[in-house]
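S.K.: Supplied in structure tokens, the structure appears directly below.
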Amino acid sequence: MKKLYYDSPYIREFEATVLSCEKGKKGYEVVLDQTAFYPEGGGQPTDTGVLGGVKVLEVHEKGGIVTHYLEAPLTVGEKVCGTIDWDNRFIHMQEHSGEHLVSGLIHERFGYDNVGFHMGAEEVTIDFNGLIEWDELMEIEKKANDIIWDNREIYADFPPKEELDALDYRSKKELTGDVRIVKIPGGDVCACCGTHVKRTGEIGLVKFLSMIHYKGGVRISLLCGKRAMADYEKKREEVQKISVMLSAKPTEISAAVDKMKGEISKLQEKLSECYRGMIEQKVAGMEESDNNIYVIEKEFGAQHLRQLVNRILEEKKGKTILALSGNREGGFLYIVGSQNEDMRLFSKELNALLSGRGGGSPQMAQGTFFADEETVCTILNEKGFYRA
Ligand SMILES: [Zn+2]
């Protein structure tokens, strides 16, 4: 079978004869006398498109035979027209060519090998078997883009054996037989069966997104061409929104966030001071009593309820102190503390009486009562608590 994508990766439409069609698990398996559909392989995803008016879901190659997986059957012997989804394919060509360039430049500079390559829907990742610093990676990015904008021709062919033996090229495995060599002058020489653009200029752009340590080396995420452009627009839109929210220029949003964080922490300090004042006022206004004490402060959060309990415990040693806030969504948040009684047991008892849940340590427990205020007050009064 003739693989038209080797003649030219720019063939988007072609005619072919259906050699076989069988029903399989992943759809109707169609083999043609020739095809421009690239089968998944070498890190490049499958082409999709239409064949004889039927949707092509996936394309795979096994033992040199390219099989198309279709939604519906085709007639054997029929001449059909195939159209590949060019938008997707061209993105794959940009990404695959960009990957060669980056891998070649990193190999040349550091001697590292590309040991893993994945073209995902969101980004391309390449794994290298050695460590790189981010500023070194930025130098590689600059060099790759210089070569892209120099618009060099990319060559792909099957060189004769003598020529191949003398050639120094990157390869993931030991290759035998005909080897297809893809060459970017000044950028890379690599054995590859994928589809690539004809000139580096068509890659448009290489942009690194992130780099993490991975299996003793690094995993680099990048985007090329159309996907890099789409990513730029997505990020521009986000930055624009943030810029409007902060009333800051797009280039000054991080400084504006920094300033806002400073203001928030000042406000939090002031708020804490207010709470401390309210807690002191509460403590100062408490009557002398031998009873245990409960307090309802509807606006308090867990942190300030705990402060309140601790502060009252300092004043009323030996008592059990219960503080509640809420009633949000039908529940009271409670914190109960004591220096004598086991609060785990006490909170368990209260939970049973007030449809509550929660627990904690012997000194302090926390939870929620799903009961109305009247019920809570009645139960606590019955248990000998007075409301402060
Ligand atoms: Zn390639």
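S.K.: Please go through the range 60-83 and give me each residue that is surrounded by 18 or more Cβ atoms within 10 Å (Cβ to Cβ) and in a loop (DSSP other than H, G, I, E, B), ordered by number.
M.R.: Within the range 60-83, just Leu74 meets the criteria.
S.K.: Let me ask something else about it. Could you list all residues from the range 175-195 that are within 11 Å of the ligand (Cβ to nearest atom) and either in contact (Cβ under 8 Å) with a residue 40 or more places away in the chain or surrounded by fewer than 17 Cβ atoms within 10 Å (Cβ to Cβ) (or both)?
M.R.: Selection gives Arg180, Val182, Ile184, Asp188, Cys190, Cys192, Cys193, Gly194, Thr195.
S.K.: Return the residue satisfying two criteria in turn: it lies in the range 29-59 and is surrounded by fewer than 19 Cβ atoms within 10 Å (Cβ to Cβ) and within 22 Å of Glu123 (Cα to Cα), and of such residues it is farthest from the ligand (Cβ to nearest atom).
M.R.: Here the residue is Leu57.
S.K.: What is the residue count in the range 121-164 for residues that are over 22 Å from Met93 (Cβ atoms) and either under 30 Å from the mean Cα position of the chain (by Cα) or in a loop (DSSP other than H, G, I, E, B) (or both)?
M.R.: Qualifying residue count, the range 121-164: 14.
S.K.: Being more than 16 Å from the ligand (Cβ to nearest atom), surrounded by 23 or more Cβ atoms within 10 Å (Cβ to Cβ) and closer than 26 Å to Asn151 by Cβ: is that true of Ile106 here?
M.R.: no
S.K.: So Glu29 fits all but one of (1) assigned to a strand (DSSP E or B); (2) in the same structural domain as Met229 (by TED's automatic domain parsing); what number is the exception?
M.R.: Condition not satisfied by Glu29: (2).
S.K.: So which residues in the range 202-217 are part of a strand (DSSP E or B), under 27 Å from Ile154 (Cα atoms) and among the β-branched types (Val, Ile, Thr), if there are any at all?
M.R.: Result: Val206, single match.
S.K.: For the range 16-28, state whether one or more residues are of a type in the set (Asp, Glu), modelled with pLDDT of 95 or more and either away from the ligand (no atom under 16 Å from the Cβ) or on the phi < 0 side of the Ramachandran plot (or both).
M.R.: For the range 16-28, residues of a type in the set (Asp, Glu), modelled with pLDDT of 95 or more and either away from the ligand (no atom under 16 Å from the Cβ) or on the phi < 0 side of the Ramachandran plot (or both): present.
S.K.: Suppose we filter Lys215, Lys198, Lys226 for residues that are within 16 Å of the ligand (Cβ to nearest atom), touching a residue at least 12 places away in the same chain (Cβ under 8 Å) and surrounded by fewer than 17 Cβ atoms within 10 Å (Cβ to Cβ); which single one remains?
M.R.: Lys198
The values are calculated or read from the model by the stated rules, or taken from the named source; none is laboratory data. The structure presented is a predicted model; accordingly, all values stated were derived computationally and were not measured. With ideal geometry, Cβ positions are generated from the backbone for all residues, glycine too; neighbour counts draw on all protein chains shown.
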